[in-house]
Structure formats: structure tokens, C-alpha cells
Amino acid sequence: MAAVVAGLGAMVGAGVFAVLAPAARAAGVWLPLALAIAATVAYCSAISETRLALHHRGRGGAYVYGRRRLGEGWGLAAGWAFAVGAVAACAAVALTFGAYVWPSQPRAGALVILAVVVVLRWSGTRAPVRAAALACAAVLAVLAAVVVLSWSGDAAEWARVAEAARWHGLSAVLSAAGLLFFAFAGWTRISGSRVGAGEREIGWALGTALGGYVAVAVTAVAVLGPRALARSATPVLDVAAAGGASATVESAVAAGAALACVGVLGPVVAAAAHMVAVLAADGHVPRWLGGGARPLGVPERALVAVGAAAAAAVAVVDLDLRTAAGMSAFGILVYYAVANASALRLGPTENRPWLAMPVVGLVGCTVLALCLPSKAVVCGMAAVGAGVAVFVVRRWRRRRASARA
């Protein structure tokens, strides 16, 4: 139950409120197809990671799997990609919070919530399972209310869906699927926190999230139309407003978005900090970043570094939501690609998954990563490539020193 709640909280919060509009810009009314593709790749990848976790204990996920099954460089690529993706996810979710809660100053709102979450995690504050379950139920209730109110009135019209059902091309749908993977990848970020998820829990969480996404996506297109949806900074709130929702309902939607974003940020920041600490322990980033464990085991220096990096992405680099979500999806897709490739190396006595799952996961992650918006791909490649380049230089220097000795 804890795993289902954690996975749902990470996926629902990061998805519906954050990437619905950018995905609609690419796929139009074909959002449900993009959702199905993203969910399929996420499920296959999650199964691969679960099977690998049975044989490799400890933190690190695909960083550990890649090192032991494929080689040190592959593991480093996975770990660095995870860290980059998680930092970008923090920026994207924080920007979403700012857009819903402080629309006149969304970046200021993003910086405030980042600071609050980092301080709370640094102090050892973490919501108990029951509180997380209540928060998840509240967010789902808000989304359900928006869907029901939209279809019970005159706001939603199937004609808008039918009139705009122009095929945008497979590459556009795959681009949307890559962006939507950002939402489903919440499960991967949570898995870095030792939730202890089994395959049944993964299926329940992904299935529930997919059903909710499809309902909200179809409703949003039917109410706003794909063009207006693509331009929206707060799609769920705009759907509620177009449906004639009262000020109370609109306030509830904004509160639900805020609650969902806060529920996502805490685990994402912690998971990123743990990965940075693992990389620091092996010398891939400065070793001092791995020090200073807080009451719940979160390394405080890495925690502050992650928060500072996300804040810099919002305030200094000036990332927009679409690019931040795309960079996050790129990093997590690279991470999952390494996990799937590692699962292909499982032997027949190691409870390896059905061959089609890691193959679909590996091919799907690679294709979706390359089909993301070009700016996100370039930024993601640059960020991940920087970490790999440092590793290559360090290895070359070690070999050169050994040869001289």
C-alpha cells in the first residue's frame, strides 16, 4: 500500500498539472495514444528495474546495475542522468507550483517552494504514509470533480475532439509520449528511496495514474480544444474555469495542484540527493557532497546542492516548464535505458523478465528520448555528456598515471 501511494503521489502530481499542455502542443487530441505509449515503456522499464533490484541491494538503482552488468561507464551515465533528470524535475514541479499558486510571479513561487521543501527535508520532516495517502486522495478527488463538472454541464463537447482529430505524425506523438514519461517516471524517483515496490504495486500505480491521465486529458481537449490547451500555463484550472466552476472550486483546484507539487518535491529532492551522495562516494563528484547525513539519512550537503541547482535552473538559467520537463524526461529515459540493458544481462537462474519487456523498454526509452523537443534533447545531452566527459578524462588520467608507475 505504501508503494502504491508513493508512486501515485509522484506520478499524479508531476503529470496532470505539469506536462499536459506541453504534450498537447505536440500530439493534439492524440494525447491518449501518447499516454499509452509512455505508460507501456514505463511499465516494462519498471519491471526490469524491479528484477535487477532482487540481485543488487543498496542505493543507486541503475547506477549500480549498469556498473555491475555493463561496465563502469554505463553505470556512471545512468547515475549522472538520474541526478540531472531529478534536478530538472524539481525545477519543473516548482514552476508548476508557482503557476497555480502565484500566477503573477511563478518563478518567485517556485523558488519559495524549493526553499521550503529543502529546509523541511534537511530538518528530517517527512509526511507519514497515512498523510501521503490522504493527500493523494485529495488530489484525485479534485481531478475527478473537474472531470465530472465539465461533462455534466455544457463545457465539454465531443465535437471539439472530432474536429481536431488531425494526425500530427508519429514523431509528434512520440515527442508527447516522451514528455508524458516525465509523469510516469515519478515511480523511478520513488524507487530510489527504498519504498520496496513489487510488480503488482507497480501495475496498480501505473494503471490508476494512466486512467486518471486519460480522463483529464480527454476532458481538457473537449473543454478547451487542443490549441487553447497547448497555450495554457495552468490547464486543469483553465478547464475548471471554462466549465463555469465557482471561485471555491477554482481555489480547490489550485490547492490540489499545490498539494500535489509539494508531495512530489520532497521525495524527488531526497532521491536526487541520495544519488549525488552515491556518486560522491565513488569520486564522480566532489566527495564532500556525500557527507552530513540528516535524521532520515538524507545527506545534507547533497540536499542543499540539489536545491541550489534547481533554484539556479529556475532563476538563472531561466528554464521554462516545457524545457525543464523535457530535460527531466531525457535524464530519466537514459537512466531507464541503462536499467533495461542491464536486465538483458540477467541469467536464466536470476528471475529475468520476459525478454520482450527489457527490449521494449530499451528501444522505447531510446526512441522517446530522441523524440523529445529539440531544446530539451540538446540541453539533456549537454548535461549528461558533461558528467560522462569528466569520467572519461579521469579514467584516462588514471591509466596514464598507472603506465608511468
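Points to keep in mind about this one:
- Subset of the range 379-405 that is open to solvent by 30 Å² or more (accessible area, probe 1.4 Å) and closer than 19 Å to R69 by Cβ - its residue that is modelled with the highest pLDDT: V388
- Inter-residue pairs, beta-carbon under 9 Å, first farther than 13 Å from L224 by Cα and of a type in the set (F, W, Y) and in the range 145-172, second part of a helix (DSSP H, G or I) and at pLDDT 75 or above, 6+ apart: W167/G28; W167/W30; W167/V173
- Checking V262, V216 one by one, the residue that is out of contact with any strand residue (DSSP E or B) (no Cβ under 8 Å at 6 or more places or on another chain), open to solvent by 20 Å² or more (accessible area, probe 1.4 Å) and among the aliphatic types (A, V, I, L, M) is V262 and no other.
- Pair list, Cβ under 7 Å, 6 or more apart: the range 125-143 residue within 15 Å of L265 (Cβ to Cβ) and modelled with pLDDT of 70 or more, other residue hydrophobic (A, V, I, L, M, F, W, C) and surrounded by 19 or more Cβ atoms within 10 Å (Cβ to Cβ): A135/L259; C136/V5; C136/L8; C136/V12; V139/V12; V139/L259; V139/A260
- Residues being part of a helix (DSSP H, G or I) and surrounded by 23 or more Cβ atoms within 10 Å (Cβ to Cβ) - total across the range 342-378: 10
- Residue that is farthest from A337 (Cα to Cα), among those in the range 41-84 that are surrounded by fewer than 18 Cβ atoms within 10 Å (Cβ to Cβ) and touching a Gly at 6+ places or on another chain (Cβ under 9 Å): R59
The values are calculated or read from the model by the stated rules, or taken from the named source; none is laboratory data. What you see is a predicted model; the values in this text were computed from it and never measured. Neighbour counts are summed over all protein chains in view; Cβ atoms, including those assigned to glycine, are modelled from backbone coordinates with ideal geometry. The area values use the complete protein model at the heavy-atom level, side chains included, leaving out ligands, DNA and RNA. Shrake-Rupley method; radii C 1.70, N 1.55, O 1.52, S 1.80 Å.
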